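Everything below concerns the one structure shown next.
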Amino acid sequence: MAKKREKFGGRLAVILAMAGSAIGLGNIWRFPYMAGEHGGAAFVIVYIFATLLISLPVFLAEVMIGRRSHTNARDAFARLSRQHPFWKAAGYLTILIPTLIASYYSVIGGWSVEYFIKACSLSFLHTPADEISGLFGPFVSSAWTPVVLHLFFMGICVGVVAGGVKSGIEKFSKVSLPVLFVLVVVILAYSVSLPGARQGVQYLLHPDWSELTPRTFAYAMGQSFYSLSLGMGAIITYGSYVSKKENILVTSTGTAVSDLLFAILAGFAIMPAVFAAGIEPGAGPGLIFQSVPYVFARMGATLPVLSSVMAILFFLTIIVAAMTSLISLVEVGVSFLMERKGLTRGRACWVVFAVCGGLGTLCSLSFGPLAGVTVGGMSLFDLLDWICSNILLLVMALLAVAFVGWVLPRRVVRDEFTNGGTVNGRIFPVVLFLIKWVAPVAVLIIFCTNFIL
Ligand code: PFF
């Protein structure tokens, strides 16, 4: 009764889908600020090394788990460990984490839709620049609009997933990824041409070697992990749709390079404009929903048409980037419900929509009507983000590398890496060493840094 599983249609499709998962808000609102604040070019160099030596091996480990097990993320560990109780239990984390992240990430997606609508209705032109940043607080703390937009955003992403792996996710990524790169390059060209943009370029590039501290290394590793969607079950799930013939070193490196390139482009698209408007850069929601709209409002005074077009393109970029990431998380739960609970894809999509939509609604309300409900001083939104980013993702990534490095027989890992001996395996010992020793130590260092420094 085994039904044929879907798979991606080739190398490009794999890279685009995985890069779609990787390229998201992490690239746009965290990387540029981190690079600027932690040594500019020096940070970028550390980041590249962290990606190649640590994140890429973890990425490969997750792809191998998915492709070898040929099943959903929850069952992958169980199947490969022959139903070992520990790994069976660990598999549930791969469902819990994407469910939690998808819930609050979709709320931010809803905010982007609101700002996209604002851009289209030329609100940034009609609001005095100094009042623009002040719009954000009342909007997120209002009760209904953010909730409705979150459900709308989640609904569209679930709708794409309902189309299936090939005609939903793959088709969407094939169109949206090239569009994303074109959009960010257009915004970059505009941004660096503004008077005063030089300072922003310098902010990103000045190499400050004194910033090369252990803390910077830990930040670079943590950012690189998040940016490549590691420890979320997404790469394991997408890995399970990769054909046995695909060279996973090539597809994984292609994904990591696209992700890095996009982060750097996003930095040059945003920071020069922020500096040109004479404001301090920041990170997180404040950068996208307060500083950048301020920039558009300022520019709007002299160049109304250009600034309006750029505002529309900017929020479109955010929406598409967040969608491709959210889609990869939705697919984790959907594939689990289809394969383990026997639901049809359509029904599974409804269940994920109900669960993540409901939880996300509570997250959204935690900025307004539920602001008084806190745990350890954190609202539900902050709590989920904190637990996922600082604890769960790292635990999951550690489990993945430990599983491939220490539990799976070396013969199996080698077989996966070399596609049964048909792909050159000369660097296999190096990759295995990184998975077995370097990556676990690095994850432990990030973990400790998050709590100690
Ligand atoms: N790699 C994504 C990013 O950089 O934004 C991380 C991510 C977050 C993926 C949330 C998926 C997601 F829903």
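Only the coordinates and a few stated rules stand behind these numbers; no lab work does. Note that the structure is a prediction, hence the values are computed from the model and not measured. Every residue, glycine among them, receives a Cβ derived from its backbone with ideal geometry; neighbour counts consider all protein chains shown.
Treating cross-link reach as a plain straight distance, find the lysines whose alpha-carbon is under 27 Å from the alpha-carbon of K174, omitting any fewer than eight places away in the same chain.
In chain and number order, the partners are K3, K4, K7, K166, K244, K245.
Extending each Cα 7 Å along its Cβ direction at K166 and V186, get the distance between those two points in nm, one decimal.
Inter-label distance under the simple model: 3.2 nm.
Order the peptides 379-392, 124-137 from the highest to the lowest mean number of other Cβ atoms within 10 Å of their residues.
379-392, 124-137
By how many nm would the segment from M378 to I452 grow when fully extended, if each residue of separation counts as 0.36 nm and the alpha-carbon distance is taken off?
24.7 nm
Report P(r) for segment 64-222: all Cα-Cα distances, bin width 10 Å, range 0 to the bin holding the largest distance, values in whole percent.
Using 10 Å bins, I get a P(r) of 8, 18, 28, 28, 14, 4, 0 for segment 64-222.
Let me know the volume per residue of the alpha-carbon convex hull for the chain, in Å³.
In the chain, the Cα convex hull volume per residue is 137 Å³.
Where Lys and Arg each count +1 and Asp and Glu each count -1, what net charge lies around F353 among other residues with Cβ under 14 Å from its Cβ?
The answer is +1.
Please say if segment 1-151 is rounded, prolate or oblate, where rounded means a/c under 1.5 for a ≥ b ≥ c the square roots of the C-alpha gyration tensor eigenvalues, and otherwise the choice is prolate for a/b larger than b/c and oblate otherwise?
Prolate is the answer for segment 1-151, as a/c is 1.5 or above and a/b outweighs b/c.
Which three extents, in whole angstrom, do the alpha-carbon atoms of segment 396-453 cover along their principal axes, largest first?
Dimensions of segment 396-453 along the principal axes of its Cα atoms: 46, 19, 12 Å.
Along the Cα-to-C-beta direction of R198, a point sits 7 Å from the Cα; which residues of segment 32-53 have their amide N less than 12 Å from that point?
Under 12 Å, as judged by backbone N against the label point of R198, lies no residue of segment 32-53.
Would you please state which residues of segment 12-36 a label at T213 would reach in this model, taking the label point 7 Å out along Cα→Cβ and a backbone N cut-off of under 16 Å?
Counting only backbone N, you get 34-36.
Show me the helices of the chain, taken as full DSSP H stretches, that run 24 Å or more along their long axis by Cα and average 0.5 or above in Kyte-Doolittle hydropathy. Please report the intermediate quantities before stating the final value.
Numbers: long enough: 85-120 (53 Å, 0.86); 145-162 (25 Å, 2.14); 171-192 (32 Å, 1.97); 248-276 (42 Å, 1.82); 304-340 (54 Å, 1.80); 345-365 (29 Å, 1.19).
Membrane-span-like by this criterion, though nothing is claimed about a membrane: 85-120, 145-162, 171-192, 248-276, 304-340, 345-365.
I need two numbers for segment 283-359: Rg to one decimal and Dmax as a whole number, Cα atoms only, in Å.
Rg then Dmax for segment 283-359, in Å: 18.8, 59.
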